[in-house]
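The values are calculated or read from the model by the stated rules, or taken from the named source; none is laboratory data. This one's a predicted model, so the numbers in the text were calculated from it and none came from an experiment. A quick note on method: Cβ atoms are made from the backbone with ideal geometry, for glycine too, and the neighbour counts reach across all protein chains shown. SASA here: full protein model, heavy atoms, side chains in, ligands and nucleic acids out. Shrake-Rupley method; radii C 1.70, N 1.55, O 1.52, S 1.80 Å.
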Amino acid sequence: MRESSTDVLIVGGGLGGVAAALAALRAGRRVVLTEEYDWLGGQLTSQAVPPDEHTWVERFGVTASYRALRDGIRAYYRRHYPLTEGARAWRELNPGAGHVSPLCHEPRVAVAVLDSMLAPYRGGGLLTVLQPYRPVEAEVDGDRVTAVRLAHRDDPGETIWISAPYVLDATETGELLPLTGTEYVTGFESQSDTGEPSAPATAQPLNMQAVSVCFAIDHVDGDHTIDRPERYDFWRAYQPEFWGGPMLGWRTPNPRTLEISERSFTPNPGDDPLAVRADQRRNPGDGNLWTFRRIAARDLFVPGAYASDITLVNWPMIDYLEGPVIDVPDAADHLRAARELSRSVLYWLQTEAPRPDGGTGWPGLRLRGDVTGSADGLAQAPYIRESRRILGEYTIVEQDLSMAVRGDKGAARYTDSVGIGMYRIDLHPSTGGDNYLDVPSSPFEIPLGALLPRRVANLLPAGKNLATTHITNGCYRLHPVEWNIGEAAGALAAFCLDRSAAPHAVRNDPTLLAAFQERLEEQGVELHWPDVSGY
């Protein structure tokens with residue numbers, strides 16, 4: 001059994017983990033970053049989800065390092081891809097011309113850019129990346145985490161203990177919280193606990209947002225139909241009571257109105273990708289599922305470079321509702337079933353899906369496992385929308401940011417702000433049988449108190465596991481917010497090491513708090529929004 005030590009241990013190499021590592025590394029601290037999947041980047045890469053971003057992302061409202069990531073992705077396309085002259089000249093290049101985001105792109109490009117951002121620190125010896133490793137045990141001394149044991153994903157007998165004065169949990173599901181005995185919550189809190197208008201009367205800890213296993217497809221000549229999934233008939237007949245028809249169909253609830261609406265699907269529609277302006281404030285963009293999360297628009301590349309567009313399937317019909325994958329004994333079974341649901345959706349698209357011409361199925365749809373980097377053709381990792389969440393010094397509640405509650409007052413201002421974010425309160429259907437909750441929110445801040453466990457002194461959340469509720473998780477869970485949370489956590493660990501101060505003292509000592517916030521601003525972290533309204 002190996003042992004090692006470092007200044008900051010970051011468990012989980014998603015967007016929050018990478019941002020945390022960069023923040024600590026910029027401060028000159030030694031970092032060990034671990035990740036259980038083959039790619040760093042989490043929801044942007046191994047989960048294969050193009051970024052969900054707010055309407056002002058091209059001008060303000062994200063950290064400087066997140067902007068560097070976005071700029072790096074565009075530069076990578078311009079440097080390495082055969083773009084048309086029009087695409088190359090498009091200042092806000094959207095390689096997929098998808099409608100979900102102004103920067104829809106292939107996961108591998110984000111992997112390359114994230115790796116390049118970390119490369120100087122790996123070369124300089126400040127950063128060690130352990131991949132693929134997952135946490136399996138922790139040592140705790142009173143209110144402090146002293147070490148974490150990590151096991152190799154493919155050889156569980158190969159383990160290593162890492163000790164560090166600061167441990168950051170950047171896993172997708174808050175894996176370190178139960179291992180370290182850090183107090184946390186899952187699922188729906190009760191209205192008596194949070195006072196939230198949309199909370200239920202009693203807590204529902206196993207009622208969590210659906211997970212989804214995404215996949216990429218294109219449409220080319222030939223028959224690329226996959227083998228019929230074993231439980232295809234079950235999924236073909238599956239129908240939540242609020243769905244308006246079978247889940248494998250074009251009719252689904254509209255997330256914002258809950259009215260049953262019919263989506264369209266047109267492979268390679270021949271639209272003008274240069275005319276796409278993705279802005280969810282004006283249009284959610286999910287009417288045509290092909291262009292909604294398209295990650296490569298073939299007409300932005302020289303003729304012949306791409307035989308087809310490539311689109312990313314992260315659609316309502318792949319949301320897995322049969323059970324949660326956190327704190328249940330059959331989590332692995334649910335994850336396998338979620339993968340089978342996604343394969344069943346693909347098989348349905350290839351064989352039975354109604355076409356506009358009256359026919360059924362598109363056998364030319366081809367699974368692009370080479371795009372997602374997985375053996376079975378689906379995304380390497382499930383898309384996790386909801387994590388375990390710490391019980392923090394401060395909990396972000398619906399009343400802090402919901403436009404239905406706040407009106408035109410804007411979100412709550414926090415004196416301990418360590419960043420900002422914006423997304424609608426966007427809750428997908430849940431394992432408890434709830435329909436969508438997708439309502440306007442105000443541009444919000446990230447309070448330092450939500451990054452501080454009530455008791456544990458040196459463990460910090462660096463992703464979706466901060467102290468939100470089930471409801472406010474709906475807008476703190478997306479790409480740029482997760483990055484900002486991780487960046488703040490990594491910067492806080494480094495600041496505390498520099499000042500020989502405790503994280504809780506930083507929040508509660510005005511002088512330390514001002515100095516920490518000044519350091520964040522120097523690194524390009526915005527702490528407050530300009531005068532903009534939500535949507």
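In this label model, residue 68 and residue 352 are separated by 5.0 nm, measuring between points 7 Å along each Cα→Cβ vector. For region 415-492, the orientation-averaged shadow of the C-alpha convex hull comes to 5.7 nm² (one quarter of the hull surface).
In whole percents, the pair-distance distribution calculated for region 223-284 from its alpha-carbon pairs, binned every 10 Å from zero, is 16, 31, 34, 19, 1.
Taking the Cα centroid of region 1-66 and of region 306-373, what is the distance between the two, rounded to the nearest whole Å? Result: 27 Å between the Cα centres.
Annotation: per residue accessible area for region 150-245 equals 43 Å², rounded to a whole number [probe 1.4 Å, protein chains only].
For residue 295, nonlocal amide neighbours, meaning residues 5 or more places apart or on other chains whose placed amide H falls under 5 Å from its own, are 310, 311, 312.
For the pair residue 1 and residue 259 in one chain, pulling the backbone fully straight at 0.36 nm per residue adds 87.2 nm over the alpha carbon distance. The listed peptides 159-168, 310-319, 500-509, ordered by packing as a protection proxy, come out as 310-319, 159-168, 500-509 (highest mean of other Cβ atoms within 10 Å first).
Please report the equivalent ellipsoid semi-axes of the chain, computed as sqrt(5 x eigenvalue) of the Cα gyration tensor, largest first, in whole Å.
Values: eigenvalues 251, 129, 116 Å².
Rounded to whole Å, the semi-axes are 35, 25, 24.
Relative to the longest principal axis of the Cα atoms of the chain, the long axis of helix 107-123 makes an angle of roughly 30 degrees.
Distances between placed amide hydrogens fall under 5 Å for residue 224 paired with 364, 365, all partners being 5 or more residues away or on another chain.
Packing, taken as the mean count of other beta carbons within 10 Å per residue, orders the peptides 24-36, 343-355 from highest to lowest as 24-36, 343-355.
Would you please report the Å³ per residue occupied by the convex hull of the alpha carbon atoms in region 297-444?
Considering the Cα atoms of region 297-444, their hull volume per residue is 214 Å³.
Please list, by residue number, everything in region 436-470 whose backbone N is under 16 Å from a paramagnetic label point 7 Å out along Cα→Cβ of residue 144. 455-460, by backbone N distance to the label point. Under a 5 Å amide H cut-off, with hydrogens placed 1.01 Å from N, residue 168 pairs with 9, 10, 11, 460 among residues at least 5 apart or on other chains. When the Kirkwood radius is taken over all Cα pairs of region 408-456, what Stokes-Einstein diffusion coefficient follows at 25 °C and 0.890 mPa s, in µm²/s? After rounding, the answer is 189 µm²/s.
The calculated FRET efficiency for residue 91 paired with residue 531, based on their beta-carbon distance and R0 = 22 Å, is about 0.30.
Listed values for region 520-528 are Karplus-derived 3J(HN,Hα) couplings in whole Hz (6.51 cos²θ - 1.76 cosθ + 1.60, θ = phi - 60°), namely 4, 5, 4, 8, x, 9, 7, 9, 9, and x replaces Gly and Pro. By the equivalent-ellipsoid construction on the alpha carbon gyration tensor, region 386-535 comes out with semi-axes of 26, 18, 12 Å, ordered largest to smallest.
For region 516-532 and region 400-477, write down the distance between their C-alpha centroids in whole Å. When both Cα centres are located, 18 Å separates them.
Angle of helix 15-26 to the longest C-alpha principal axis of the chain, folded into 0 to 90 degrees and rounded to 10: 40°. Compute the angle between helix 331-351 and the longest alpha-carbon principal axis of the chain, please, reported from 0 to 90 degrees and rounded to the nearest 10. The answer is roughly 30 degrees.
The accessible surface of the chain, taken with every protein chain in place and a 1.4 Å probe, is 48 percent carbon and sulfur. Computed from backbone phi with θ = phi - 60° and the Karplus coefficients 6.51, -1.76 and 1.60, the 3J(HN,Hα) list for region 160-177 is 8, 8, 10, 9, 6, x, 10, 10, 10, 9, 10, 5, 6, 10, x, 4, 6, 4 Hz; x is used for glycine and proline.
Equivalent ellipsoid semi-axes for region 300-372, as square roots of 5 times the alpha carbon gyration tensor eigenvalues: give them largest first, rounded to whole Å.
Values: eigenvalues 177, 61, 18 Å².
The equivalent ellipsoid of region 300-372 has semi-axes of 30, 18, 9 Å.
In order along region 424-433, the Karplus-derived 3J(HN,Hα) couplings, from 6.51 cos²θ - 1.76 cosθ + 1.60 at θ = phi - 60°, round to 5, 6, 10, 10, 6, x, 10, 5, x, x Hz, and Gly and Pro are given as x. Placing unit charges on each Cβ (+1 for Lys and Arg, -1 for Asp and Glu) gives the chain a dipole about its Cα centre, and among 49, 80, 163 the Cα reaching farthest toward its positive end belongs to 80.
Sorting check: for 126-137, 274-285, which peptide has the highest mean count of neighbouring beta carbons within 10 Å, and how do the rest follow? All intermediate terms of the calculation are to be shown ahead of the outcome.
Numbers: 126-137: 18.2, 274-285: 15.7.
So the order, starting with the most tightly packed, is 126-137, 274-285.
Here the spin labels are modelled as points 7 Å beyond Cα on the Cα-Cβ line, and at residue 116 and residue 192 they lie 5.6 nm apart. Its residue count N sets the reference 2.2 N^0.38 Å, and the alpha-carbon radius of gyration of region 1-158 equals 1.18 times that reference.
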